[in-house]
Amino acid sequence: RVSADYLDSLHLELTGCDPECNGFKAHKAQKKAEKARCMERLFSDAEYQKAWRVDAEAKARIDAWVPDCF
């Protein structure tokens, strides 16, 4: 289990997006369950990654990420 704030931080870390952009502000305003669904899509959905403008560097961060407990 992680907090909603952790999911927000992780999203910023992985995507490299601007925390002041409208997309991230909308993400931050979501409930935790929806944030978790969005994070799942960030890892598995190429179209979702494209919508977040995930470049090769961010894609490499996403692909290499593992939970702290591993």
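The values are calculated or read from the model by the stated rules, or taken from the named source; none is laboratory data. Since this is a predicted model, take the numbers as computed values, not measurements. Quick reminder, even Gly has a Cβ in these numbers, built from the backbone with ideal geometry, and neighbours come from all protein chains shown. Surface accessibility is based on the protein's heavy atoms, side chains included, excluding ligands, DNA and RNA. Shrake-Rupley method; radii C 1.70, N 1.55, O 1.52, S 1.80 Å.
Amide H contacts of C21 (H built 1.01 Å from N, in plane; Pro and chain starts excluded): no residue 5 or more places away or on another chain comes under 5 Å.
Just how many % of Cα pairs in the chain lie over 14 Å apart, if you round to the nearest whole percent?
Values: 1359 of 2415 pairs.
The calculated P(r) of the chain puts 56 percent of pairs beyond 14 Å.
So which trypsin sites (Lys or Arg not before Pro) in the chain end up in coil per DSSP with only 16 or fewer other C-beta atoms within 10 Å? Intermediate values should be presented prior to the final figure.
Details: sites: R1, K25, K28, K31, K32, K35, R37, R41, K50, R53, K59, R61; in loops: R1, K31, R53.
Sites meeting the loop and neighbour criteria: R1, K31, R53.
Based on alpha-carbon atoms only, what is the radius of gyration of the stretch 1-42 relative to the globular estimate 2.2 N^0.38 Å? Don't skip to the end; give the middle numbers.
On the way: Rg = 9.2 Å, N = 42, 2.2 N^0.38 = 9.1 Å.
Ratio of Rg to 2.2 N^0.38 Å for the stretch 1-42: 1.02.
In the full protein context, the chain carries 70 Å² of accessible surface per residue, based on a 1.4 Å probe and ignoring ligands, DNA and RNA.
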